Each structure stands twice: as structure tokens, then as C-alpha cells.
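Since the structure comes first, as C-alpha cells, the remarks are kept for the end.
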Amino acid sequence: MSMDQADNMAEQRFHARVVKAEAEQENGRTVYVLRLLNEAGRVWTVRVDAASGALL
């Protein structure tokens, strides 16, 4: 899964906008760390496994 695909998946699933996205190496695998912002102004972080697309 590319970072763009992870961004789109998170935006659709959480009805929020990705305002920051980074790729990190964790235990030998790539994890996308996405910061999301919703219309109410809430900000939170979601971690996505780059290989499977699973939320961590």
C-alpha cells in the first residue's frame, strides 16, 4: 500500500483530512503515521501497516 492509498483510506474511513503523513520503520516493517483533522477540529494519529493496510 502506498502512502497516498493509506491517506485516502484513512480520510474515507474517519471522515477527516490527513494533515501530516510520515513513514517509519518499526520492527523491520514500514508503518505510515497519519495525523488527521476532522471538521470539529479534533486531531488524532492513526498508524497504518504499509504491507497489509491494517490499522495498528
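Every number in this text was worked out from the coordinates using simple rules, so none of it is lab data. Note that the structure is predicted; figures quoted are calculated from it, not measured. All Cβ positions, even for glycine, are placed from backbone atoms using ideal geometry, and neighbour counts span all protein chains on display.
Side notes on the structure shown:
- Residues in the range 16-50 that are small (G, A, S) and in contact with a strand residue (DSSP E or B) (Cβ under 6 Å, 6 or more places away or on another chain): A16, A21, A23, A50.
- Selection from the range 15-52 of residues that are more than 10 Å from the chain's Cα centre (by Cα) and either surrounded by 16 or more Cβ atoms within 10 Å (Cβ to Cβ) or on the phi > 0 side of the Ramachandran plot (or both): H15, A16, N27, G28, G41
- Residue pairs whose Cβ atoms lie under 6 Å apart, separated by 6 or more positions or on different chains, with the first residue in the range 18-47 and touching a residue at least 24 places away in the same chain (Cβ under 8 Å) and hydroxyl-bearing (S, T, Y) and the second buried (at least 16 other Cβ atoms within 10 Å of the Cβ) and part of a loop (DSSP other than H, G, I, E, B), are Y32/A50.
- Each residue in the chain was checked for being in contact with a Ser or Thr (Cβ under 6 Å, 6 or more places away or on another chain) and small (G, A, S), and 2 of them qualify.
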